[in-house]
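Down below is the structure, laid out as structure tokens.
Any read-out appearing in this document is the output of simple, stated calculations on the displayed coordinates, not a laboratory observation. Owing to the predicted nature of the structure, the values given are computational and were not obtained by experimental measurement. Positions of Cβ are backbone-derived with ideal geometry, glycine not excepted, and every protein chain shown enters the neighbour counts.
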Amino acid sequence: MCVLSSSVNTQAYITGNAFSILGEPDTLVQTVYDDDEQPLEAIALDEASGKIAVCTHDAVRVYKPFGLEDDALRVGLYPFCMDGGEQER
């Protein structure tokens with residue numbers, strides 16, 4: 001079961017090097033600060049799995065909800081490989 005699926009209108013947006021997950025209208029579920037200091041440029045939310053992909057100019061990272069702890073959503077990096085070989089730095 002996807003933790004984010006309990007909310008019918010789940011939305012996510014980026015600001016600087018962080019992204020926020022919104023549940024019901026005007027309800028902040030969680031803000032996640034990306035480890036990279038570069039500003040995030042794009043975000044994609046898959047409501048079926050709850051995974052959230054974010055990218056900077058140089059990197060792509062995928063986050064996944066791991067459940068609730070003390071009524072707070074736990075989100076962590078999800079390991080994945082990009083097609084097309086290694087990413088240049």
query: Of the chymotrypsin sites (Phe, Trp or Tyr not before Pro) in region 17-82, which ones lie in a loop per DSSP and count no more than 11 other C-beta atoms within 10 Å?
result: PHE80
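Quick check: net charge around TYR33, other residues with Cβ under 15 Å of its Cβ, Lys/Arg +1 and Asp/Glu -1?
My count for the surroundings of TYR33 gives -2.
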Environment charge of THR15, counting only residues whose C-beta is closer than 13 Å and scoring Lys/Arg +1, Asp/Glu -1: -2
- prompt: With each label point set 7 Å from Cα along the Cα-Cβ vector, what nm distance links ASP58 and ASP46?
  reply: 2.7
